[in-house]
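Quick notes on the structure that follows.
Just so it is clear, none of the values below were taken in a lab; they were calculated from the coordinates. Here the structure is a predicted model, which means the values were calculated and not measured. A quick note on method: Cβ atoms are made from the backbone with ideal geometry, for glycine too, and the neighbour counts reach across all protein chains shown.
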Amino acid sequence: SAPGPSNDTDEFRDVLQESQHIVVLAGAGLSAASGVPTFRDGGGMWRSLDATTLATPAAFASNPSLVWQFYHYRRLKALNAQPNDAHRLLAKLSIPSYLKTIAPAAKTYHIVTQNVDRLSVVALESLARDLADKKSRLDRPRKDSILEMHGRLFDVKCTVCDYCVEDLTNPLCEALGAADSHLGDYHDAGSKPNGIPEAALPRCLSCHSLARPGVVWFGEKPLRLDDINSLIFKADLCIIVGTSLTVHPASTYMYRVQRHKGKVAVFNLDPTERDRRADFVFAGPCEVELPRVLG
Ligand code: BJW
Ligand code: ZN
């Protein structure tokens, strides 16, 4: 049978020496150590409902109150979460002079993330603050290195007009905060949460129509696809972190990079069958493995 992927760090470092265009593709496993539940390995349940059935336009159309309460809960979790060592390492690589110490030939470095929790951005912002405080000689991390392809939990987007705004306040509106205090009433499986009337759900600041979370649901077009496609097209190293690679189009990127002879390294807790086609697999928690292999 064909040789499996390598887990040899020296061999991977040899690849890093040559890599010019590096793309990280991240998923929920990147934030697992920060306490943000994943979707498919048992983490993605809320009040006994499966997260992936709530993340659809149909679910929002039929029960905007339920879907908003789900996102209210997720926003709270993400707001209280801190970046972990994996976020921090990936952020540090976006400092061009630091990147050069690990990948001397590197010309570009990007983080394409399917995550909506904003933790990669938080890691990068706090790194930038640290460097400024310490008057470090390292140059500043590049904020445009992060592409959030499935949107952001904290964006509030109109269902009618184009208005979209980042809003970190919690609760987003009184009714969502009040629904929290009844959590006990409908915590057990099968019971139905009290519906919040549409007028009391978050509204568009511009046209007052019903607003929705600024995330990408199934059947919707992911964001930044033109930018992401050109990054994938020129990537000679793709580092895949904490994703089951089950969701299109992110699931195709690994093969597209390999088609033009780019290398693929996977950092995943439980490697899947799909990962056998990667050039490298580092199995284990990415918050341990990324610093070990790249740090
Ligand atoms: C660790 C770890 C640790 C744990 N360290 N690792 C057939 C029928 C219907 C639809 C389709 C179909 N075939 C294809 C489609 C399209 C559909 C799709 O792919 N469906 C499949 C499920 C079948 N895709 C879409 O609809 C997308 N849009 C699209 O394709 O548009 C068409 C188009 C494309 C291109 C151009 C033009 C048009 C949109 C997909 C939107 C996905 N949205 C969600 C919700 C976001 C909002 C929210 O959060 O609520 O995005 S779904 C959910 O899955 C979320 C995630 O970003 C995404 C991916 O999940 P991820 O990150 O991989 O998480 P998990 O839980 O699956 O995996 C975690 C991994 O981490 C595991 O491997 C663990 O082992 C590991 N791990 N701890 C390292 N410490
Ligand atoms: Zn509007």
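Distant-in-sequence amide contacts of Ile111, defined by a placed amide H-H separation under 5 Å and a gap of 5 or more residues or a different chain, comprise Val24, Ile146, Leu147.
What the Cβ-Cβ distance of Ala61 and Asp162 gives, at R0 = 22 Å and to the nearest 0.05, is a FRET efficiency of 0.70. Explain nothing, just the number: relative contact order of segment 19-88, from Cα pairs under 8 Å at least 6 residues apart, as a whole percent. Answer for segment 19-88 is 33 percent. In this structure, the pairs whose alpha-carbon distance is over 21 Å, taken from Lys100/Lys143; Lys107/Lys234; Lys107/Lys134; Lys157/Lys234; Lys92/Lys157, are Lys107/Lys134; Lys157/Lys234; Lys92/Lys157. Remark: segment 9-71 carries a charge dipole of roughly 480 debye about the Cα centre, counting +1 on each Lys and Arg Cβ and -1 on each Asp and Glu Cβ.
What nm distance separates the two modelled labels at Lys134 and Tyr73, each placed 7 Å from Cα along Cα→Cβ? Roughly 4.0 nm, to one decimal. Cα extents for segment 15-71 along the principal axes, largest to smallest and rounded to whole angstrom: 52, 23, 15.
Along the axis of the charge dipole computed for the chain (Cβ charges of +1 for Lys and Arg, -1 for Asp and Glu, origin at the Cα centre), the listed residues Val121, Ile228, Cys204 are led at the positive end by Ile228. Using the Cβ-Cβ distance between Asn7 and Thr252 with R0 set to 22 Å, the FRET efficiency from 1/(1 + (r/R0)^6) comes to roughly 0.35. Assuming charge only on the beta carbon of Lys and Arg (+1) and of Asp and Glu (-1), the dipole of segment 1-152 about its Cα centre is about 700 debye to the nearest 20.
Put simply, when 58-64, 128-134, 255-261 are sorted by average Cβ atoms within 10 angstrom per residue, most first, you get 58-64, 255-261, 128-134. Take every pair of alpha-carbon atoms less than 8 Å apart whose residues are at least six positions apart; their mean separation over the length of the chain yields a relative contact order of 26 percent.
The base-10 log of I(q)/I(0) for the chain, evaluated at q = 0.09, 0.13, 0.16 Å⁻¹, reads -0.47, -0.93, -1.28 [Debye formula, identical scatterers on Cα atoms, solvent excluded]. Across the options Leu54, Pro83, Thr108, the greatest Cα extent toward the positive end of the charge dipole of segment 34-146 (unit charges at beta carbon of Lys, Arg, Asp, Glu) belongs to Thr108.
So what is the 222 nm mean residue ellipticity for the chain from helices alone, if each DSSP H run of at least 4 adds -39500 (n - 2.57) and you divide by all residues, rounding to the nearest 500 deg cm²/dmol?
Rounded to the nearest 500, it is -10000 deg cm²/dmol.
For segment 118-165, the average shadow cast by the Cα convex hull is 4.2 nm², which is a quarter of the hull's surface.
The charge dipole of the chain, taken about the Cα centre with unit charges on the Cβ atoms of Lys, Arg (+1) and Asp, Glu (-1), comes to about 640 debye, rounded to the nearest 20. In segment 1-119, Cα pairs under 8 Å separated by at least six residues give a relative contact order of 44 percent.
According to the calculation over all Cα-Cα pairs in segment 58-157, the P(r) per 10 Å bin from zero is 14, 39, 27, 14, 6, 1 %.
Other residues with beta-carbon under 10 Å from the beta-carbon of Leu237 carry, at +1 per Lys or Arg and -1 per Asp or Glu, a net charge of -2.
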